[in-house]
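Below you'll find the structure, written out as structure tokens, and then a few comments.
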Amino acid sequence: MANLPSTHSSDVLLTHTIQALLQGPTGMPISTALTHIDQWYQLLIDSGIPAFQDIARELGNLQSLISAELDLFDGKSIGSSLSMLGAQTIQAADKVEDALKADLSKLGDLLIKFGGDLENHISPA
């Protein structure tokens, strides 16, 4: 069974990320989102576990999309990335200790929900 490095810090980060996402996809300032992405990226890339490193790579993609100039901000692409991260997170939840499974699955579900909301959002003409 795979474990995220530094279980205590990953538990805290997981809890904070879920709480932030419960505010809705636009309820989090971009700077906070980028901080969460950086923290997760480092934790997952350092894990040495291929499934976690795949998530880290998608986080890098999401970070690039979020960091784009405001006029280049692509909600559909961000939504697609969030959905991909959600699916990867749910798959990874099957590989972690029982204490993290429920929260990782919840995080994956939230990412898929918000990703779908952004992918299907139609901007006014």
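General observations
- Across the range 86-102, the number of residues qualifying as of a type outside the set (A, V, I, L, M, F, W, C) and assigned to a helix (DSSP H, G or I) comes to 6.
- Count - residues of the range 88-103 that are surrounded by 14 or more Cβ atoms within 10 Å (Cβ to Cβ), touching a residue at least 24 places away in the same chain (Cβ under 8 Å) and over 10 Å from the mean Cα position of the chain (by Cα): 6
- Pairs meeting the criteria (first residue in the range 61-82 and more than 12 Å from ILE30 (Cα to Cα), second residue charged (D, E, K, R) and in a helix (DSSP H, G or I), beta carbons under 6 Å, at least 6 apart or on different chains) are LYS76/GLU119; GLY79/GLU119; SER80/GLU119.
- Checked against (1) buried (at least 20 other Cβ atoms within 10 Å of the Cβ); (2) more than 13 Å from the chain's Cα centre (by Cα), LEU85 passes all but condition (2).
- Of the residues in the range 109-120, at least one is within 11 Å of the chain's Cα centre (by Cα), of a type in the set (Gly, Ala, Ser) and part of a helix (DSSP H, G or I).
- Test: residue in the range 38-57 that is of a type outside the set (Ser, Thr, Tyr), without any contact (Cβ under 8 Å) to a residue 60 or more places away in the chain, touching a Leu at 6+ places or on another chain (Cβ under 8 Å) and within 21 Å of HIS121 (Cβ to Cβ): no
- Residues considered: SER83, SER105, SER77. Of these, the only one that is out of contact with any Leu (no Cβ under 8 Å at 6 or more places or on another chain) and assigned to a helix (DSSP H, G or I) is SER105.
- Filtered residues of the range 18-48 (kept if of a type in the set (Ser, Thr, Tyr) and at pLDDT 90 or above): THR35, TYR41
- All of (1) under 14 Å from PHE114 (Cβ atoms); (2) touching a strand residue (DSSP E or B) at 6+ places or on another chain (Cβ under 7 Å) hold for MET28 with one exception: (2).
- Lone unmet requirement of (1) among the aliphatic types (A, V, I, L, M); (2) modelled with pLDDT under 85; (3) within 15 Å of the chain's Cα centre (by Cα) for LEU72: (3)
The values are calculated or read from the model by the stated rules, or taken from the named source; none is laboratory data. All of these numbers come straight from a predicted model, not from anything done at the bench. Backbone-built Cβ (ideal geometry, glycine too); neighbour counts: all protein chains shown.
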